[in-house]
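*Asks:* Before we start, here is the structure in question, set down as structure tokens.
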Amino acid sequence: MNRLVRAGEQRWHLPRHAHIVVYDRDDDGLLTIYDCGAAQKPPSAQLLGTLGRIEARHEVIDNPTGRVVTLREESTLVATGERRYRITTGDTRRV
């Protein structure tokens, strides 16, 4: 289901208003990524894993099952290990 735009090896472009719903579980989690929270479209991707550091400007809303991260600038989702991800403000060029 991953329809994110690739930005390189194990890297994906995230639009300025992307929403990442992070569902925390015991050892692993679920990341559901939407291009825009207001668009009322299905998610662009669902990934098993955890979200670590977020370098891009963002807002976080905690909820009982995890948190919702709303980005405020274009950024890149980077796989940093097996089922581990972070969001950077580095090169967001599309490949």
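*Asks:* May I ask you to list the trypsin sites (Lys or Arg not before Pro) in the chain that are in a DSSP loop and have at most 11 other Cβ atoms within 10 Å of their Cβ? Before the final figure, lay out each step's value.
*Replies:* Values: sites: 3, 6, 11, 16, 25, 53, 57, 67, 72, 83, 84, 86, 93, 94; in loops: 3, 16, 25, 57, 72, 83, 93, 94.
Filter output for the chain: 3, 25, 93, 94.
*Asks:* Relative contact order for the chain: what is it in percent, counting Cα pairs under 8 Å that are at least 6 residues apart?
*Replies:* Numbers: 236 pairs, mean separation 30.9, N = 95.
For the chain, the relative contact order is 33 percent.
*Asks:* Leaving out ligands, DNA and RNA, and with a 1.4 Å probe, what % of the accessible surface on the range 32-95 is carbon or sulfur?
*Replies:* Details: 1770 of 3900 Å².
Ligands and nucleic acids excluded, carbon and sulfur reach 45 percent.
*Asks:* For a label point 7 angstrom out from the Cα of residue 48 toward its Cβ, which stretches of the range 19-37 have the backbone nitrogen within less than 19 Å?
*Replies:* 21-33
*Asks:* Something else now. For every other residue with a beta carbon closer than 11 angstrom to the beta carbon of residue 35, add +1 if it is Lys or Arg and -1 if Asp or Glu, then tell me the sum.
*Replies:* +3
*Asks:* Continuing with the same structure: May I ask you to list the residues of the range 21-65 whose amide nitrogen lies under 14 Å from a point 7 Å from Cα along the Cα→beta-carbon direction of residue 82?
*Replies:* Within reach of a label on residue 82, which here means backbone N under 14 Å from a point 7 Å along Cα→Cβ, the range 21-65 contributes 28, 49-50.
The values are calculated or read from the model by the stated rules, or taken from the named source; none is laboratory data. Quantities reported herein were computed from a predicted structural model and do not represent experimental measurements. Reconstructed Cβ throughout: ideal geometry from the backbone, glycine too, with neighbour counts over all protein chains shown. For the accessible areas, the whole protein counts, side chains as well, though only heavy atoms, and no ligand, DNA or RNA atoms are used. Shrake-Rupley method; radii C 1.70, N 1.55, O 1.52, S 1.80 Å.
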